[in-house]
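First the structure, in the form of structure tokens, and then the observations on it.
Just so you know, all these numbers are worked out from the coordinates, no wet-lab data involved. What you see is a predicted model, and the numbers here were worked out from it, not measured in a lab. Using ideal geometry, Cβ is built from the backbone for each residue, glycine included, and neighbour counts are taken over all protein chains shown.
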Amino acid sequence: MTDRDTLRMLEDAARSFAAFDAARVRQWRDQPPGFDRQKWREMAEQGWLGILVGEDDGGLGLDLDAATAVARVLGYNAMPEPFVAAGIMVPHLLAACPASPGRDALLADVVAGERIATIAHLDSTGALAFGTSGVIARRSGDDYSLNGEFRFVPAPDADVVIGPVVIDLAKAGEAANLCQAELLQIDLSAPGVEVEREATADGGALGWVRFNNASVPAGCVLAAGDFWPQFEAALDAAVMGNSAELLGIMERELELTLDYLKTRKQFGKSIGSFQVLQHRTVDLWMHRQIAEHAFEASLMVVMAPDVPAPARQQAASSAKARVGRTALDLGNDCIQLHGAIGFTDEYDLALYVNRALAIAPFGGNAADHLKRYGDLKQRNQETA
């Protein structure tokens, strides 16, 4: 757990750096890559991309509470940069991979902001499943030849994608023998790699990455064998970061709504004085508080030393199920409380509501994690 003074300094630095700029947010909508790479390098200079990376690897060596504190501030200011996907999940996973020249070089570039890496693991259905992959690789000389696809890839304009592939060990003329998985880093500009951008509600995009006999050097292997526990741990960290970002969004949405209710007048008085609207805003505040407490309780479990994987997974899913659902409901209610102005793109509330819509499915939506939580809880009770 990060000490309070360090957390406070990180939060203060993040608030100063990430001051809300509606014009900048709107500028990057529907314009690849959907965010400012210079701003990303400045975030690296702040040390944020190495928060979860050990000092021996050039990082800050802090805990997940530090990363989620930054993510929350970025959410509060509707920052379009993919901090959770490329600044939490990627460094967390790379730091857990065994040291190698390829891994060390990529991790150093990621922490420095020189290269942006993203992680792909979902097939075209978007189902949360581990131990499988939508991409198959076969050895071709000293390289791999990749075929298949990943979908719903965050930051599709990244430089590198990290993804699990199934290695076909069969020799020419033999039947397929899919019995080995490896984690590869793949240059998204390599021949045979096609990236289709799929628009999201906030003007950003997800990627549909297809491989057609794409050639990848064997030196791009980051991990082999049973790397799924490390992969799931990185995803759980990212799910907590995503929940923190959504909490920041909700905080600002509620502030905008309360300010509007205080200034909008009808019948000679502010509409915030109407009892029915007061009751609705109190309900919104209560739901956000419940979501925040659920997140904080889960974060303590996820960060606990030597926490068993099932308990960590259950805690992360508990947070995302609550926060993800509340974020969407609260955004809808805030629009209703604003009336007609809440539907206009020119009003800043739209930036937050659309951002929540775009990032809420990351790592699995609320329904996915509610199901995962239920399955894990039942399984844990049966093995207790």
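With Cα atoms as the point set, region 230-384 shows a radius of gyration and Dmax of 17.9, 64 Å.
Distance from the C-alpha centroid of region 1-51 to that of region 309-329: 24 Å, rounded to the whole angstrom.
Under 5 Å between amide hydrogens, built in the peptide plane, is the criterion, and for Ala214 it picks out Leu146 among residues at least 5 positions away or on other chains.
The chymotrypsin sites (Phe, Trp or Tyr not before Pro) of region 61-140 that DSSP puts in a loop, and whose beta carbon has at most 16 other beta carbons within 10 Å, are Phe130. Rounded to two decimals, the Cα-based Rg/Rh of region 1-117, with Kirkwood Rh, is 0.97. What residue among Gln278, Gln185, Gln313 shows peak mean-square fluctuation when the chain is described by a Gaussian network model with Cα springs under 10 Å? Its mean-square fluctuation being the largest, the pick is Gln278.
Relative contact order, whole percent, for the chain stands at 16, derived from Cα pairs under 8 Å and 6 or more residues apart.
With the helix formula -39500 (n - 2.57) applied to DSSP H stretches of n ≥ 4, the chain reaches a computed 222 nm mean residue ellipticity of -16000 deg cm²/dmol.
Each residue of region 343-359 was assigned a 3J(HN,Hα) from its phi angle through the Karplus expression (A = 6.51, B = -1.76, C = 1.60, θ = phi - 60°), giving 8, 7, 6, 6, 7, 5, 4, 4, 4, 6, 4, 5, 5, 4, 4, 6, 9 Hz with x at Gly and Pro.
With contacts taken as Cα pairs under 8 Å at a separation of at least 6 residues, region 91-168 carries a relative contact order of 34 percent.
Phi angles of region 110-116 translate, via the Karplus equation with coefficients 6.51, -1.76, 1.60 and θ = phi - 60°, into HN-Hα couplings of 5, 4, 7, x, 6, 10, 9 Hz per residue; Gly and Pro are given as x.
Could you state the number of Å between the C-alpha centres of region 88-109 and region 192-221? Centre-to-centre distance over Cα atoms comes out at 20 Å.
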